[in-house]
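Contents: one structure, followed by commentary.
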Amino acid sequence: MAIERTVNVADARANLAELTSKAYFDGDRFIVQRRGVPVAVLLGIDDYRELVRVRDLSSDHLQRERRRLAQEMDAIRQRIGPLPFTVADLVNAARVENEERYAQPHSR
């Protein structure tokens with residue numbers, strides 16, 4: 001049964017062959033710490049390859065989604081044409097409106 005354990009750097013160094021065998025044959029995973037801070041992970045090659053595969057799938061999916069959204073935005077821009085204002089215009093208008101709304105007359 002695969003387990004996850006924490007080991008310090010000195011123990012990992014002293015027992016590297018044993019830990020490597022446990023990672024490879026048993027699927028065990030080891031979090032290596034230096035002064036109580038996790039700094040590395042020792043895991044079997046199958047677990048590593050699965051992590052890389054999942055990461056690559058996620059990255060590919062995100063890139064496809066970004067391209068799809070960019071194409072959708074381009075299509076919207078073509079349909080509506082250029083906007084008569086910019087984001088800076090909206091921010092300035094909101095600032096002026098807030099200043100007017102919250103301005104209080106000075107009383108003496």
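Please treat every number below as a calculation from the coordinates, not as lab data. Here the structure is a predicted model, which means the values were calculated and not measured. Cβ placement follows ideal geometry from the backbone for every residue including glycine, while neighbour counts extend to all protein chains displayed.
Which FRET efficiency value, to the nearest 0.05, do you get for residue 102 and residue 68 by plugging their Cβ-Cβ distance into 1/(1 + (r/R0)^6) with R0 = 35 Å?
Calculated transfer efficiency: 0.25.
Over the chain, what number does the Rg to Rh ratio reach, with both radii from the alpha-carbon atoms and Rh per Kirkwood?
1.43
Using +1 at the Cβ of each Lys and Arg and -1 at the Cβ of each Asp and Glu in the chain, identify which of 75, 3, 92 lies farthest towards the dipole's positive end.
92
Using only the alpha carbons of segment 40-92, determine the length spanned along each of the three principal axes and report them from longest to shortest in whole angstroms.
58, 26, 6
Where nothing but the Cβ of Lys and Arg (+1) and of Asp and Glu (-1) is charged, how large is the charge dipole of segment 31-96 around its Cα centre, in debye to the nearest 20?
My answer is approximately 180 debye.
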